[in-house]
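> Here it is: the structure, laid out below.
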Amino acid sequence: MCSVMKLENPYKILCVCLGNICRSPTAEVVLRTIANQQGLNVVVDSAGTSNYHPNKAPDSRSQKCALQYGYDLSALRARQIQLRDFCEFDLILAMDKENLSDILALQEQAKQRYGNEEKARVALMSEYDEQYPKQAVPDPYYGEQKDFERVIHQCESSSLAWVNYLKKQLI
Ligand code: 4NP
C-alpha cells in the first residue's frame with residue numbers, strides 16, 4: 001500500500017508551452033495524475049507563453065488522444081503566463097527550449113517587479129527524464145496522430161521523473 005505523503009502547503013507547479021492548448025494541458029493532467037497516484041501533495045496548472053487561444057479548451061486532437069490513455073482534458077481553458085505566476089508557483093516547467101528562454105526572460109521582469117516575492121524555479125519538463133534527457137516535447141500542432149501520442153508518452157515519462165525527484169526533495 002502506498003502511504004500518502006502530505007506537505008503543509010502543496011508544492012505548486014506550472015506547465016508551460018506556446019499555445020496552452022496541446023502540450024501543457026496534457027502535461028498538467030498527466031503530472032497531476034501521476035503525483036496523486038504517488039501521494040505527492042501538489043497543485044498543477046498550465047499556461048502558454050502566447051495569448052493565441054485565450055480561454056479556449058484544449059485542441060480536440062489533444063483531448064481525443066489523451067482520453068485514449070485515460071486523461072480527461074475537457075475542463076481546462078487556455079491562459080497566458082503572468083508575471084505573478086513567478087511568485088505563486090514553486091516550479092515552472094517549459095515544454096521546449098524556446099518556451100524556456102521566453103520564460104527566463106519573463107522571470108527577469110518578475111524579479112524586477114516583485115523582488116524577493118519571485119521564487120519560481122524554471123526548468124525543462126524533461127530535466128530528469130532518462131528516456132528523453134533534456135529533450136523538447138515536440139510541438140504537435142501541425143502534426144498528426146503519432147505526434148499527439150508522442151506528447152502523451154513524453155509527458156508520462158517526464159512526469160514520473162519529476163515526481164520521483166520531488167519525493168526525494170520534499171518528503
Ligand atoms: P502548444 O501547441 O504550444 O503545445 O499548445 C500550439 C498551439 C497553437 C499554436 C502553436 C502551437 N499556434 O500557432 O496557434
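Taken together, the values in this text are just the output of simple stated rules run on the coordinates, not laboratory data. Since we're looking at a predicted model, the values are computed, not measured. Methodologically, a virtual Cβ is constructed for each residue, glycine included, from the backbone with ideal geometry; neighbour enumeration extends over all protein chains shown.
> Can you give the Kirkwood hydrodynamic radius of the range 93-148 from its Cα pairs, in Å with one decimal?
Working: mean 1/r = 0.0779 Å⁻¹.
About 12.8 Å for the range 93-148.
> Roughly how many debye, to the nearest 20, is the charge dipole of the chain about its Cα centre, given +1 on each Lys and Arg Cβ, -1 on each Asp and Glu Cβ, and no other charges? It would help to have the intermediate numbers written out before the result.
Working: 20 positive and 22 negative charges, 55 e Å.
Approximately 260 debye in magnitude.
> Let me ask something additional. Which whole-number percent is the relative contact order of the range 86-171 (Cα, under 8 Å, 6+ apart)?
Working: 103 pairs, mean separation 24.1, N = 86.
28 percent.
> Follow-up question, since we're still on this one. In debye to the nearest 20, how big a dipole does the range 105-151 give about its Cα centre with +1 on each Lys and Arg Cβ and -1 on each Asp and Glu Cβ? Walk me through the numbers before you get to the answer.
Working: 7 positive and 10 negative charges, 51 e Å.
So the dipole magnitude of the range 105-151 works out to roughly 240 debye.
> Treat the range 24-99 as a sphere of radius equal to its Kirkwood radius over Cα pairs and apply Stokes-Einstein at 25 °C in a medium of 0.890 mPa s; give the translational diffusion coefficient in µm²/s, rounded to a whole number.
On the way: Rh = 13.4 Å.
Diffusion coefficient, whole number: 184 µm²/s.
> Follow-up. How large are Rg and Dmax for the range 73-171 when only the alpha carbon atoms are used, in Å?
Using the Cα atoms of the range 73-171, the pair Rg, Dmax is 14.8, 44 Å.
> Sticking with this structure for a sec: Taking 20 °C and 1.002 mPa s as the conditions, I'd like the Stokes-Einstein D for the chain in µm²/s, using the Kirkwood hydrodynamic radius from alpha carbon pairs.
Working: Rh = 16.0 Å.
In µm²/s, the coefficient is 134.
> Let me ask another. Give me the orientation-averaged projected area of the Cα convex hull of the range 67-113, in nm², one decimal. List each step's numbers first, then the result.
Numbers: hull surface 18.0 nm².
Value for the range 67-113: 4.5 nm².
> For the chain, with the dipole built from +1 on Lys and Arg beta-carbon atoms and -1 on Asp and Glu ones, taken about the Cα centre, which of 37, 25, 92 lies farthest toward the positive end?
37
> Cut-off 10 angstrom, C-alpha nodes, Gaussian network model of the chain. Which of 19, 115, 39 fluctuates the most?
In this elastic network of the chain, the residue with the biggest mean-square fluctuation among 19, 115, 39 is 115.
> Given a cut-off of under 8 Å on Cα pairs at least six residues apart, what relative contact order in percent is computed for the chain? Working shown, then result.
Working: 339 pairs, mean separation 43.6, N = 171.
Answer for the chain is 26 percent.
> In whole angstrom, how far apart do the alpha carbon centroids of the range 137-171 and the range 35-82 sit?
Here the answer is 12 Å between Cα centres.
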